[in-house]
Amino acid sequence: MRRISIFGATGSIGASTLDIVRARRSDFEIEVLSAGSNASLLARLALEFSPNQVVIAQEDQRDTLRRLLADTDIDVSAGRDALAAAASVPVDLVMSAVVGFAGLDISMSAAKHCAVLALANKESLVCAGQLLPRLCAAHGTKLLPVDSEHSAIFQCLSGEDKKTIERVIITASGGPFLNSSLEVMKNVSPIEAAKHPNWSMGQRISIDSATMFNKAMEVIEAKEMFNLNPDQIEVMVHPQSILHSLVGFTDGNLMAQLGPPNMKGPIGYALNWPDRQFVDQKRLGVGDLANLTFLHVDPIKFPALSLASKAMSLGGVAGAVFNAAKEQALDLFLAGDAGLLDMATFVDQALDQYQTSDWAKTLTIDNITLADGKTRDFVKSVALKDKD
Ligand code: NAD
Ligand code: MG
C-alpha cells in the first residue's frame with residue numbers, strides 16, 4: 001500500500017495518475033487531492049477516491065467544496081498556504097502536477113516531507129534550479145521525473161554511472177506547426193495552437209509545444225534534474241513521439257526509451273518506482289516503429305531553444321524570468337492581446353531586462369518570487385506599450 005498525494009488532480013496529469021490508481025485501487029491510499037478552481041470535479045474525485053483532505057487554490061470555492069462534501073469526513077481547505085501545508089504531510093509519494101509557477105511552493109514543501117517527489121511541474125526546476133534537487137537530497141527525498149523525456153533519460157540511466165554520460169538527446173514532436181510557415185504561425189488562434197498532433201495534454205503545455213517553449217523548458221529541466229552542462233543537451237525533432245529521449249555514454253553507445261505517446265507510461269513508472277507494475281496502455285508494434293523519423297530543429301521558426309540557452313548561461317534567477325515571461329506572454333496570447341510569435345520577443349526582452357540587476361544573480365526563493373512578479377509586470381507593460 002502506497003500513500004500518495006496528488007496536486008493538480010483535476011488536470012491532465014492528475015487524470016492519468018488517477019486512472020492508474022483506479023485500476024489498482026487497493027495498492028494506493030490517497031492523502032490529498034488538490035485543484036485550482038474546479039470544486040465540482042474535485043468533489044466528484046474526492047467522493048470516488050476518499051482522500052483524507054482536499055485543497056482548492058481558489059479561496060472563493062471553499063464553501064462550495066465544503067457543501068459538496070458535507071456528508072463526508074474529508075477535510076476541506078483552500079488557498080496557497082493550505083496547498084503548501086497539505087504538501088508537507090508526510091506520504092510515500094507526492095505527484096506535483098499543478099501547472100505553472102504555482103507548483104513551485106508545492107514541490108518545495110513536498111521535497112522536505114515525502115519519500116518520493118514525482119515531478120510533472122517542470123516549472124519548479126526551471127525556476128528553482130539546483131535549490132530543488134539540493135533540498136530533496138538534504139531531506140533524503142527521491143526526485144523522480146514525470147515528464148516523458150526526463151523519465152526516458154532516467155530509465156536509460158538505470159544502473160549507469162552518471163559520470164559516463166556524454167550527452168542527452170531530448171526528442172520534440174515539433175507540435176502542430178512543424179510544417180507551417182512563420183507567416184501562418186504569426187496569425188494562429190489559441191484553439192489552433194493547442195491542437196497537439198500526438199499528445200493529449202492541458203491547454204498551456206499544448207500551446208507551449210507549438211512554439212517549442214515546452215521543449216526549451218525541458219532542456220532547462222534536464223540540466224537541473226540530471227546536473228548536466230547545457231552543451232551536453234541536444235534536441236531532435238521526432239514527429240511520431242515514440243522515442244522519448246536518448247542518452248549517449250563515453251563509450252559511444254546510445255540508450256533510448258520508447259513508448260506510446262501517453263503519459264500513463266512515465267506516470268506509472270514514477271508511481272511504481274523502483275518496481276515495474278502492469279500499466280494498461282497501448283503496446284507498440286511494427287506499425288508504430290517502422291517509420292520513425294528524426295530531423296534538426298529549425299532555429300528561426302523555434303527561437304525558444306536559443307532563449308533557453310541564454311537563460312542557462314545567465315544563471316541566477318534567469319530560469320524564473322524565462323518562465324514568468326513565457327507564462328505572462330501565454331496569458332496575453334490566450335486573451336487575444338499578443339500573437340503566438342510575440343512570446344519569444346517578450347522572453348528575450350525580459351532576460352535582457354534582468355541580466356544587469358545584481359539581485360537577479362543570486363538564486364534564492366525570495367529572489368525567484370521577486371523575479372516572477374517583476375517579470376510579469378515587465379511583460380505586461382511592454383505588451384501595453386506595443387499596443388499604443
Ligand atoms: P492541466 O492544465 O491539465 O492541469 C493543471 C492542474 O493544476 C489542474 O488540476 C488545475 O486545477 C491545477 N491548477 C491550475 N492553476 C493552479 C493554481 N494557481 N494553484 C493550484 N492548482 C492549480 O495541466 P497538465 O497538462 O496536467 O500539466 C500539469 C503539469 O505537468 C505542468 O507543469 C506541465 O508542464 C506538466 N506536464 C504535463 C504533461 C501532460 O501530458 N499533460 C506532460 C509532461 C509534463
Ligand atoms: Mg515532455
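The values are calculated or read from the model by the stated rules, or taken from the named source; none is laboratory data. Note that the structure is a prediction, hence the values are computed from the model and not measured. All Cβ positions, glycine included, derive from the backbone under ideal geometry; neighbour counts span all protein chains shown. Ligands, DNA and RNA are stripped out before the accessible areas are found, and what is left, the full protein with its side chains, is counted by its heavy atoms. Shrake-Rupley method; radii C 1.70, N 1.55, O 1.52, S 1.80 Å.
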Let me confirm something: among 15, 23, which residue is without any contact (Cβ under 8 Å) to a residue 12 or more places away in the chain and under 25 Å from residue 199 (Cα atoms)? 15
Filter segment 190-204 for residues that are in contact with a Ser or Thr (Cβ under 8 Å, 6 or more places away or on another chain) and near ligand 1 (Cβ under 10 Å from one of its atoms); which is most open to solvent (accessible area, probe 1.4 Å)? 200
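For every residue, the table says whether it meets (1) of a type outside the set (D, E, K, R); (2) more than 30 Å from residue 158 (Cβ to Cβ).
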position: 279; (1), (2): yes, no
position: 283; (1), (2): no, no
position: 331; (1), (2): no, yes
position: 336; (1), (2): yes, yes
position: 350; (1), (2): yes, yes
position: 353; (1), (2): yes, yes
position: 356; (1), (2): yes, yes
position: 379; (1), (2): yes, yes
Of the numbered conditions (1) touching a residue at least 24 places away in the same chain (Cβ under 8 Å); (2) farther than 27 Å from residue 314 by Cβ, residue 213 satisfies every one except a single condition; which is it? (2)
State which residue is nearest to the chain's Cα centre (by Cα) when the search covers only segment 83-96 and only residues that are open to solvent by 20 Å² or more (accessible area, probe 1.4 Å) and over 17 Å from residue 133 (Cα atoms). 84
Please specify each residue of segment 225-241 satisfying the condition of being buried (at least 19 other Cβ atoms within 10 Å of the Cβ) and out of contact with any Ser or Thr (no Cβ under 9 Å at 6 or more places or on another chain). 225, 226, 233
Within segment 111-126, identify whether any single residue is assigned to a helix (DSSP H, G or I), away from ligand 2 (no atom under 16 Å from the Cβ) and either open to solvent by 10 Å² or more (accessible area, probe 1.4 Å) or free of Cβ contacts under 8 Å to residues at least 12 places away in the same chain (or both), and answer yes or no. yes
Wholly enclosed helices (runs of 4 or more DSSP H) of segment 244-359 bearing at least 3 residues open to solvent by 30 Å² or more (accessible area, probe 1.4 Å): 286-289, 304-314, 342-354
Failed item in (1) within 16 Å of ligand 2 (Cβ to nearest atom); (2) open to solvent by less than 60 Å² (accessible area, probe 1.4 Å), with residue 99 passing the rest: (2)
Reported set for segment 331-373 where residues are under 17 Å from residue 387 (Cβ atoms) and either under 20 Å from the mean Cα position of the chain (by Cα) or among the hydrophobic types (A, V, I, L, M, F, W, C) (or both) is 331, 332, 333, 334, 335, 338, 340, 341, 343, 346
Among residues of segment 296-353 being of a type in the set (Ser, Thr, Tyr) and without any contact (Cβ under 8 Å) to a residue 12 or more places away in the chain, the residue nearest to residue 187 (Cα to Cα) is 345
Can you confirm whether segment 174-189 contains a residue that is within 16 Å of ligand 1 (Cβ to nearest atom) and hydrophobic (A, V, I, L, M, F, W, C)? no
Members of segment 127-165 found to be β-branched (Val, Ile, Thr), more than 16 Å from ligand 2 (Cβ to nearest atom) and touching a residue at least 60 places away in the same chain (Cβ under 8 Å), listed by number: 164, 165
Among the residues in segment 218-230, are any within 12 Å of ligand 1 (Cβ to nearest atom) and either under 12 Å from the mean Cα position of the chain (by Cα) or assigned to a helix (DSSP H, G or I) (or both)? yes
Taking segment 166-224 and keeping only residues that are away from ligand 2 (no atom under 16 Å from the Cβ) and among the charged types (D, E, K, R), one is left with 166, 167, 183, 186, 192, 195
Within the set of pairs 6 or more residues apart or between chains, which connect a residue that is under 18 Å from residue 114 (Cα atoms) inside segment 68-88 to a residue that is within 16 Å of ligand 1 (Cβ to nearest atom) and part of a helix (DSSP H, G or I) with Cβ atoms less than 6 Å apart? 83/106; 84/105; 84/109; 87/106; 87/109; 87/110; 88/109
Any idea which residue in segment 147-161 is nearest to ligand 1 (Cβ to nearest atom), counting only those that are under 17 Å from residue 234 (Cα atoms) and not acidic (Asp, Glu)? 148
